[in-house]
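A.B. asks: If you scroll down you'll find the structure; I have some questions about it.
The values are calculated or read from the model by the stated rules, or taken from the named source; none is laboratory data. Keep in mind it's a predicted model, so treat the numbers as computed, not measured. Backbone-built Cβ (ideal geometry, glycine too); neighbour counts: all protein chains shown. Calculation scope for accessible area: heavy atoms of the full protein, side chains included, ligands and nucleic acids excluded. Shrake-Rupley method; radii C 1.70, N 1.55, O 1.52, S 1.80 Å.
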Amino acid sequence: MKLAANARAVLLVNIGQLLTLRSPSANGGPRRGRELRELGIVEDAAVLYVGGKVVCVGQTKEALRDPWLKKNRKKVIEIDCEGQVVFPGFVDSHTHPAFINPRLVDFEKRTAGATYEEIAEAGGGIRSSVEPVRRARRNELAGKILAALEEMAEQGTTTVEAKSGYGLTPESELKSLEAIRGAASQWPGTVVPTLLGAHVVPQEFKDCSQKYVESVCKEMVPQAARRKLAWFVDVFCDRGAFTAGEARQIFEAAADNGLRVRAHVGQLSETPLGPLLALRPASLDHMDHISEEDIQNLAAHDTVATFVPGANYFLGLEKYPAARKFIDAGVPVALATDYNPGSSPTASMPFVLSLACTQMKMSPAESISAATINGAWALGLQDRKGSVEAGKDADLALFEAKDYREVAYWFASNRCVLAVLNGVLIASAGSGELG
Ligand SMILES: [Zn+2]
């Protein structure tokens, strides 16, 4: 439900804990090591935003003394946060919302003991999502994507990276990106579109993957770039998908067309990262299998390592990414849902935070930095997103909690009562009255 138009001035007051995530003094890059624990908390805080941008952030009593506010009080919509917790809106930097059906057969097969790879070999997996997407009309796909974005916002997410990747022909990949753009135009948050033509080799190219890579490089990437349908190009670089050499080829095609790159790496097997890091990916995601040497290698770069533990959870894996090793080595880390029909059908960043704390031994504070400011870095949006600071976009999430640690603590429940997306207020379905 929209409560206010974009251009109005809105003042949130009586915030019990405001997590500003304002820049720590250090290097100015993505958060690493101890910086991940610096949340910049202001107690009894207020935030004023006008026209979708944060104007000032401080303590409630100081904000109310502000001369501009005193003069304009009547024009300002005031929301009493009743001592609860406010975060920067989550930046979900890895999602696959351009699909039609849930994959319930795969889900049931896994309960009977089949693995992700066995299911893929038997015709399930990513390939089983392809036909419905190829057949779907663009508007049908856009409707599915918009529903996912709305569900994400209800749980505090205000920025979403959205990949294509279930069409696997130039026509249906571009249709997926158009559907992402269509959904984004109806959603007040920010959507970052990514071309994932190289998700898996489609059936018709089964024995000639190189020909498919050529189609990605020579048709999909240039067309997506020319039509400004994607900001990033992604590759699933792993056993059963694309090799590091193929990923490099696709990265080079992206660079030639002015697009930035990111990749899925190390979900099923280890891929040496050196050749990919040389092309400066914004993010490398999954990272379940990685050598000690490559963790050190990553620490020397600004490439963000993005963990998606929802996939480990849903696939019933015992092993989760070794977050502590990454953090202790100084690698900038992010967290994302990996929202997709096969391995992580969740829109919930709070649940991902919970998994990061319980299964990966990240502290609650680290998990929040990873899901906000470092997610913004993973998308190149650090100047606009991921923290609550004057001049940044008004992206906020209000939680029914007195302490920020509750958000990861109450798992599988939604405590988000209000989200602000580029200045537009959306009340969560289950929330009571506000303000
Ligand atoms: Zn993914």
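A.B. asks: Which order do THR111, THR303 take by accessible area at a 1.4 Å probe, largest first? Write down the numbers at each step before the final one.
C.D. replies: On the way: THR111 105, THR303 5 Å².
Sorted by accessible area, descending: THR111, THR303.
A.B. asks: Please turn the phi angles of the stretch 103-112 into ³J(HN,Hα) values with the Karplus equation 6.51 cos²θ - 1.76 cosθ + 1.60 (θ = phi - 60°), one per residue in order, whole Hz, x for glycine and proline.
C.D. replies: 3J(HN,Hα) across the stretch 103-112, in whole Hz: 9, 6, 5, 4, 4, 5, 4, 5, 5, 8.
A.B. asks: What distance in nm separates the two pseudo spin-label positions at ARG227 and GLU117, each 7 Å out from Cα along the beta-carbon direction?
C.D. replies: 3.6
A.B. asks: List, in the order given, every pair from LYS163/LYS211; LYS228/LYS385; LYS361/LYS385; LYS218/LYS385; LYS144/LYS385 whose Cα-Cα distance in the structure shown is over 31 Å.
C.D. replies: LYS218/LYS385
A.B. asks: Here is a further query. Give me the net charge of LEU11's neighbourhood, meaning all other residues with Cβ under 11 Å from the Cβ of LEU11; Lys, Arg count +1, Asp, Glu -1.
C.D. replies: Neighbourhood net charge equals 0.
A.B. asks: Cut-off under 15 Å on the C-alpha distance; same-chain residues fewer than 8 positions from LYS75 excluded. Which aspartates and glutamates are left, in chain and number order?
C.D. replies: ASP66
A.B. asks: How much net charge surrounds VAL50 when only other residues with a Cβ under 15 Å from its Cβ are counted (Lys, Arg +1; Asp, Glu -1)?
C.D. replies: +2
A.B. asks: Let me ask something else about it. Local charge sum around LYS325 (other residues, Cβ-Cβ under 15 Å, Lys/Arg +1, Asp/Glu -1)?
C.D. replies: Once positives and negatives cancel, what remains is -3.
A.B. asks: Can you compute the modelled spin-label distance between LYS218 and GLU270, with each label point 7 Å from Cα toward Cβ, in nm?
C.D. replies: 3.7
A.B. asks: Restricting to DSSP H runs of at least four residues, report the calculated mean residue ellipticity at 222 nm for the chain, -39500 (n - 2.57) per run over all residues, nearest 500 deg cm²/dmol.
C.D. replies: Roughly -9000 deg cm²/dmol at 222 nm, from the helical runs in the chain.
A.B. asks: What order, most packed first, do the peptides 380-391, 269-280, 325-336 have when packing is the mean number of other Cβ atoms within 10 Å of each residue? Mind dumping the intermediate values first?
C.D. replies: Numbers: 380-391: 19.3, 269-280: 16.2, 325-336: 23.2.
Ranking the peptides 380-391, 269-280, 325-336 by packing returns 325-336, 380-391, 269-280.
A.B. asks: What's the FRET efficiency of GLU389 with LYS325 using the Cβ-Cβ distance as r and R₀ = 35 Å, to the nearest 0.05?
C.D. replies: The value I calculate is 0.70.
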